[in-house]
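The values are calculated or read from the model by the stated rules, or taken from the named source; none is laboratory data. Quantities reported herein were computed from a predicted structural model and do not represent experimental measurements. Every residue, glycine among them, receives a Cβ derived from its backbone with ideal geometry; neighbour counts consider all protein chains shown.
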Amino acid sequence: MRKQALFGLLLCLPALAHDGPPFPIITDKVIGPCKVSLWTHPDIGTGTFWVIVDPLPGQSLLSDLKVSVAVEPVNHRIAERLFNAPRDESSSQLQYISLIPFDRQEFVRARVILESVRGHGDASATVEITPVAPKRWELYLFLAPFLLVGFLWFRALTTRRRKKPQVV
């Protein structure tokens with residue numbers, strides 16, 4: 001029985017929805033005079049995008065760098081929207097953050113855009129916008145059928161034991 005359970009767990013496919021820490025969708029891409037990584041936590045409601053910028057070897061940090069993130073649904077149901085990404089001063093690395101509203105679960109093309117006097121450019125990747133974790137009342141609602149079946153099973157076991165005739 002244990003081997004079957006272990007085998008069943010090994011065959012499970014990973015969930016497609018995202019619930020957890022941010023993850024990269026662009027990694028170490030050279031855009032203009034910088035190396036850029038784009039991390040995201042793409043939730044319905046407010047999706048967060050972090051743009052991490054490193055100067056190329058032999059270059060210095062760019063003081064005039066402007067960073068934006070543009071998003072557009074893959075199915076083109078709405079036009080591309082551009083959002084500024086102000087610098088995140090709380091981070092020890094050169095990082096920009098953009099908060100983007102999303103209204104439904106779908107695939108979007110996220111494009112990071114860099115502009116500076118030393119150069120400009122962009123890079124894009126596709127990411128799925130995911131629903132947020134269920135609320136507490138939803139968890140109770142989903143748990144209710146299992147609790148009911150467990151209660152009925154326990155009740156059937158205790159009733160059967162009481163009705164068993166005793167042999168003397």
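For this structure, a couple of remarks:
- Within the range 33-84, the set of residues being in a loop (DSSP other than H, G, I, E, B), farther than 24 Å from Pro131 by Cα and among the hydrophobic types (A, V, I, L, M, F, W, C) comprises Leu56, Leu61, Leu62, Leu65.
- Assessment of the range 136-152 against the conditions (among the acidic types (Asp, Glu), at pLDDT 95 or above and more than 18 Å from Thr48 (Cβ to Cβ)) yields no matching residue.
- The number of residues in the range 44-76 that are in contact (Cβ under 8 Å) with a residue 12 or more places away in the chain and loosely packed, with under 14 Cβ neighbours inside 10 Å comes to 8.
- The residue pairs whose first member lies in the range 31-43 and is in the same structural domain as Pro57 (by TED's automatic domain parsing) and under 14 Å from Asp122 (Cβ atoms), whose second member is in a loop (DSSP other than H, G, I, E, B) and of a type in the set (D, E, K, R), and whose beta carbons are closer than 8 Å, counting only pairs six or more residues apart or on different chains, are Gly32/Arg118; Pro33/Arg118.
- Unique residue being of a type in the set (Lys, Arg) and at pLDDT 95 or above when the list is Arg81, Arg87, Arg104, Arg118: Arg81
- Any chance Arg111 is basic (Lys, Arg) and either free of Cβ contacts under 8 Å to residues at least 12 places away in the same chain or assigned to a loop (DSSP other than H, G, I, E, B) (or both): no
Quick grid of which residues meet (1) within 17 Å of Ile25 (Cβ to Cβ); (2) of a type in the set (Val, Ile, Thr); (3) touching a Phe, Trp or Tyr at 6+ places or on another chain (Cβ under 6 Å):
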site: Arg87; (1), (2), (3): no, no, yes
site: Ser92; (1), (2), (3): no, no, no
site: Leu99; (1), (2), (3): yes, no, no
site: Arg118; (1), (2), (3): no, no, no
site: Ala125; (1), (2), (3): yes, no, no
site: Glu138; (1), (2), (3): no, no, no
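- Test set (1) among the aliphatic types (A, V, I, L, M); (2) assigned to a loop (DSSP other than H, G, I, E, B); (3) under 30 Å from Ile44 (Cβ atoms); (4) at pLDDT below 90 - Val168 fails condition number: (3)
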